[in-house]
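Inspection log for the structure reproduced underneath, given as structure tokens.
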Amino acid sequence: MKFVFITDTHIKEKNPINRLDNYFETVINKIDEAAHFAVENKANFIVHGGDLFDTPTVSTICLVKFNRILFYLKENNIKFYVVSGNHDIYGRNPDTLPRTHLGLLESFGAIEMLDRENTIEEKFSNGNSVKIIGTPYIYKMDAEDKEAYLLSEYDKKDGEFLINVVHGMLLEKPFIKEIEHTVVTDIINTKADLTLSGHYHTGFGIISLNDRIFLNPGSLTRCSNTTEEYKRMPQYALIEINDDLKPDIKLIDVKCAKPGYEVLDREYIEKHKNDKLEVLNFENTIKEAADFDKYDYYSVLEEIIKSDNVEKEVIDEAKKRLEKAEEDIHGQD
């Protein structure tokens, strides 16, 4: 089994305020490069770790240009699998997927969703096998039990190499407690032999602990102008696993990616260095991935639920109305 892993492409037509280039053209070129790399290296498929799109619905030109890449992959018999991220759905609710453009592409058969039911499996002649499951973004997935990563209920077979593709806030070191996150050392007892993570844009490369491997190559794009993103060059991964179940993982630099100083506007931060804005760089990167500000109303709702005796029917109705409001907002963009 050989495949390419990319994540957090955040396809959108509108340019982020921090970008100096044409963001949309840049991200399409990067995905196209990864697609051609997959074909040239005879990969079986591409796996996307979530946040394919920046919003649940995008402009027509975004769909058209991305679909051209999918068509090229289909011509070369390479499938495109996706785990849905928080930006791909409405109101942090994976049940809204059919109303999104990601769901639309799935309905056409242009992509395939990866989750606990829709999986990828390859069996070898020696009896060993590789199985890939997906864990889409779910609200509160980085809470205390960490089940999204640990997979304690999963019935793992002898000779099975298990890969979990998860869109969650998995980090290499602890962060502020106000933002829910999971540290790699919290989940070293996971049943997954290899955990592929998205969501955290800076990434952490390859970490090996307790016979387990954790990988986040980072977002294929750079949306913020933090120091880390300014220095980072986007990457994706080539992963190959044969019947000996020993994974060969290579991090591949995106050739068409330009240095940070050519595409990211640092003028404001440089001007306000004395305000200690640089100290907040890591925090801002985390908040960006967590969509902290955008979804603050869900945090408010959560606090109300904790503090008051609210009936389940009322809670469900409130969540539905928030989802509908968000959907209406995106429909006006």
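Using the Karplus relation 6.51 cos²θ - 1.76 cosθ + 1.60 with θ = phi - 60°, the per-residue 3J(HN,Hα) values for the range 55-67 come to 9, x, 10, 10, 6, 4, 5, 5, 5, 4, 5, 5, 5 Hz, with x marking Gly and Pro. Amide H contacts of Ile11 (H built 1.01 Å from N, in plane; Pro and chain starts excluded): Phe53, Asp54 sit under 5 Å, all sequence-distant by 5 or more or on other chains. With the alpha-carbon atoms of the range 2-260 aligned to their principal axes, the span from lowest to highest coordinate is 49, 46, 36 Å, starting with the largest. Taking the centroid of alpha carbons for each part, the range 127-182 and the range 36-67 are 23 Å apart. Taking a label point 7 Å from the Cα of Leu104 along the Cα→Cβ vector, which residues of the range 12-46 have an amide N closer than 19 Å to it? Only 12-15, 24-25, 28 pass the distance filter.
Straightening the chain between Lys231 and Val39 buys 66.2 nm, computed as 0.36 nm per residue apart minus the Cα-Cα spacing. Fewest neighbouring Cβ atoms within 10 Å first, the residues Leu20, Leu209, Leu73 line up as Leu209, Leu20, Leu73.
For the range 138-239, trypsin sites (Lys or Arg not before Pro) meeting the loop criterion (DSSP other than H, G, I, E, B) and having at most 13 other Cβ atoms within 10 Å: Lys140, Lys156, Lys157, Lys177. In the frame of its principal axes, the range 148-212 has Cα extents of 39, 23, 19 Å, reported largest first. When you restrict to C-alpha pairs under 8 Å that are six or more residues apart and normalise by the size of the range 2-260, the relative contact order lands at 20 percent. Rounded to whole numbers, the Karplus 3J(HN,Hα) couplings from phi for the range 71-79 are 5, 4, 5, 5, 4, 9, 6, 10, 7 Hz, using 6.51 cos²θ - 1.76 cosθ + 1.60 with θ = phi - 60°, and x at Gly and Pro. Straightening the chain between Glu112 and Glu172 buys 18.7 nm, computed as 0.36 nm per residue apart minus the Cα-Cα spacing. Summarising the amide proton neighbourhood of Lys79: residues at separation of 5 or more, or on other chains, whose placed amide H is nearer than 5 Å comprise Ile46.
In terms of surrounding Cβ atoms within a 10 Å radius of their Cβ, Ile163, Ile188, Ile17, Ile120 rank from fewest to most as Ile17, Ile188, Ile120, Ile163.
Bear in mind these aren't lab numbers, they're just calculated from the coordinates by the rules spelled out. Being a predicted model, the structure only gives us computed values, none of them experimental. Cβ coordinates were reconstructed from backbone atoms using ideal geometry, including for glycine residues, and neighbour counts include every protein chain displayed.
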